[in-house]
Structures are given as structure tokens and as C-alpha cells.
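A short write-up of the structure that comes next.
The values are calculated or read from the model by the stated rules, or taken from the named source; none is laboratory data. Quick caveat, the model's predicted, so the values are computed rather than measured. Every residue, glycine among them, receives a Cβ derived from its backbone with ideal geometry; neighbour counts consider all protein chains shown. Only protein heavy atoms, including side chains, enter the accessible area calculation; ligands, DNA and RNA are left aside. Shrake-Rupley method; radii C 1.70, N 1.55, O 1.52, S 1.80 Å.
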Amino acid sequence: MRERLRPSLDWLLILVPISMALELAGGNDLLIFATSAGAILPLAGLIGRSTEQLALHTGPRIGGLINATFGNVTELIIAIFLILDDEIEIVKASLTGSILGNLLLVLGLSFLVGGLKHEEQTYNARSAQIHATSLVLAVTGLLMPALFAFDGRESFLEREVVSATVAAVLIALYVAALVFTLVTHEHLFRTPMPEEHPSWSRRRAIGLLLGATAVVALEAEFLVGSLEPALKDLGLSPLFVGLIVIPIIGNAAEHSSAIMFALRSKVDVTLEIAIGSSTQIALFVAPALVFISLAVGHPMDFIFSTFEVAAVALSTILVFMISSDGRSNWLEGAQLTGAYVIMAISFFFVEAL
């Protein structure tokens, strides 16, 4: 069962009461930042496990919808608290960083590690191409508003109208892709897998899912509240933290799972975690945050910097080319990982976009 394939970060749950105690005692901001970030790691993993167990109870269609809905709930919660704190640029950077991390780092390490153990691995090329095409669509949604705002002569209202329209279209197309893969053409994406049975009861899965989500929200509030002073102590730019650190915090449990599945030659699951998660962030989470930001009075437009758009576009092209044949090997993994390192070191020395 999948439960056995997943490395556990549950020992880090000890950081939950520690971070709460530090916050209540008015402790050092850097310690609060570190402990709350560490606490989110196992909580995100617990959300993932609860979602999978609930999906096993409900069947493939509803289970697929549940996975799609809760797949990136941790990143969404952190982003909402960043928006409430008016850290809009960090939110945009974290969205870009999540897409890059999943496409290049997670998929790259998975292909690399899996390829070192297995000479060549195969997966459903059709499913990979659907996700890759959706990402190309997302790049279009990022590129056109950036070109529109290139000369800086547009008004605030124009920026918001363009952003809201692009966001609405992307969400509609994300829903259409879900209907296509889970309902009308579900048979094309069915992958032979050993029959799995839930090891948790339905009540336990729902309870842990809701409980872990609530605690993630609390820890996210601690994380965002201590972010600025912690960055000064660490000497890191907000941009680098948004692009690299926050995505790793929100995705670490998923990342380790993707690599473990690749080691066991379950590359379809790895692709669903890596590329599927990126698709959800680009077509649903980022557009949804545009509307959430308007609702809470801290409007976030859908206009990303040229640097961010270029990074996402190049990553999408690489993945599109590598995933088109339905086969993977360690060299392709090394190429994707190398591309991530190149982008990460470039972003490290950029103060602002």
C-alpha cells in the first residue's frame, strides 16, 4: 500500500507545541519561523495521507476530485496569510517557486534516483501530455498580462480586469481538464495498479484531514508573522524565500513521496505528484488567490515579472520535451535537476523582480 512507500516526517510534529509556546511567550522571531516551518512539513504530509485514505473510501472519481482539491491546500493557506500581511510579491514568488520546484527539482530527482535503480522507466505519456499542455496554457496566462503591463502605462483598474479575466479562464479550463480526466475520458488515464484498501476508517481520515488543515493555518500565521525579522537575521531576500524556501516547506512531504514512488518504478504516481501539482497551482491556486485577494481587500494582480514568466516557460518546455515519449532515465533527471540549480542560484542574487 502507498502508506508503506511514504517516508515519515511525523517526528517533526513535536515542533507544533514548541512553536505555539514560543509564539505565546513572545520568543525569538527566527526560532518561531524555524519551528513553525518545521511543523508544517509533517502536517502537510498528514494532509496528503488523509486525502489518499479518504480517496480509497470514495472510489477513483470522487477520490481524484478530493486529491485535486486538497493537493496544494498547504501552499494555499500559507499564501492567504501572506496576502493578509500584504506580502503580495512573496506570494507570487512562492507560486512560481512551487511550479519550478515540482517540475524541475522533484521530477528531476525522481527520474535521477529511479533511473539509477532501473535502466529505463515507463509511464502514461498521454496523461503527462495533458498536464504539459495545461502548463503551456498557464504560461500563456502568465505571459500575456506581463506583456500587457510591460510599458507600465496601464491603470490599476485595467490590471485588475485583465488579471480577473485571465484567472477566471484558467480556473474554468482547470475544471474542464478535471472533467476530461476524471469523467468523460477517465478510461484513457487509468493506470494498472495493485488493488489498495484503506488502512484508516473514513471518520479518522476526515478528522485528521480537518485537524491537520486547521493546525497548518495556525502555523502559517506564526510563519508569516515572524517572516520579516527572520529574513533580516538570516540575510536572505524575500524573493529567494518566496521562490525556494516556502515552496519546499509546503511540498517536502510530497517531494519525498514522489522520489520513493520512482524508486519503486511507480512513475505514473510520481508524475501525478510533480506535474499534476504544478498544473493545479498554475491553473487553480494562483487564479483563485487573485479573487481571494480582492475579497480580503489586498488585491493581487496576475502580472508576474519577466524573470518569473521566463523561468516557468523554460521549465514547461523542458518537461514537455522530456515527457513526450512516456519513458524516463537518470540522464533526463540530471538535466531537470541541473536546470533547477541554475535557476535557483540566479534567483538567489536577485533582490527584487
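Among 228-235, 97-104, the peptide with the highest mean count of other Cβ atoms within 10 Å heads the list, and the full ranking is 97-104, 228-235.
Summarising the label geometry, the points placed 7 Å from Cα in the beta-carbon direction at E119 and I62 lie 4.5 nm from one another. A simple spin-label model places pseudo-atoms 7 Å from Cα toward Cβ; at S265 and T165 they are separated by 5.1 nm.
Cut-off 16 Å, label point 7 angstrom out along Cα-to-Cβ of D325: give me the residues of the range 96-139 whose amide nitrogen falls inside. Under cut-off, by backbone N: 111-112, 115-116, 119-126, 129.
Within the listed set V241, V319, V183, the residue fluctuating most in the Gaussian network model of the chain (springs between alpha-carbon atoms under 10 angstrom) is V183.
Counting 0.36 nm for each residue step from I14 to A217 and taking away their Cα separation leaves a gain of 71.4 nm. The heavy atoms of H197 offer some 100 square angstrom of accessible surface to a 1.4 angstrom probe.
Taking the Cα centre of the chain as origin and assigning +1 to Lys and Arg Cβ atoms and -1 to Asp and Glu Cβ atoms, the resulting dipole is close to 1200 debye.
Of the options [x] 19.5, 58; [y] 21.1, 70; [z] 21.9, 69, only one is Rg and Dmax of the Cα atoms in Å as computed from these coordinates, and that is [x]. Between L82, L182, L236, where does the largest GNM mean-square fluctuation fall for the chain, given springs only between Cα atoms within less than 10 Å? Highest fluctuation of the listed residues: L236.
Per residue, the chain reaches -23500 deg cm²/dmol at 222 nm when only DSSP H runs of four or more residues are counted, each adding -39500 (n - 2.57). Taking each residue as 0.36 nm, the span from H185 to L30 lengthens on full extension beyond its C-alpha to C-alpha distance by 50.9 nm. Shape class of the range 177-261 from the alpha-carbon gyration tensor: prolate, with a/c at 1.5 or above and a/b greater than b/c.
Look at where the Cα atoms of the range 23-45 and of the range 83-132 average out, and the two centres are 25 Å apart. Per-residue accessible area (protein heavy atoms, 1.4 Å probe) orders W330, W200, W11 as W11, W330, W200, starting from the largest.
Accessible surface for the chain, divided over its residues, is 44 Å² per residue with a 1.4 Å probe.
Extent of the range 223-321 along its three principal axes (Cα atoms, max minus min coordinate, largest first): 44, 30, 26 Å. Which residue, V267, S323, F291, has the largest displacement toward the positive end of the dipole of the range 251-345 when charges sit on each Cβ (Lys, Arg +1; Asp, Glu -1)? Positive-most Cα among the choices belongs to V267. The range 223-252 and the range 146-166 have Cα centres separated by 28 Å. Restricting the calculation to Cα atoms, every distinct pair contributes to the Kirkwood radius of the range 291-353, found to be 14.2 Å. Descending by average beta-carbon neighbour count within 10 Å, the peptides 271-283, 150-162, 167-179 line up as 271-283, 167-179, 150-162, the highest first.
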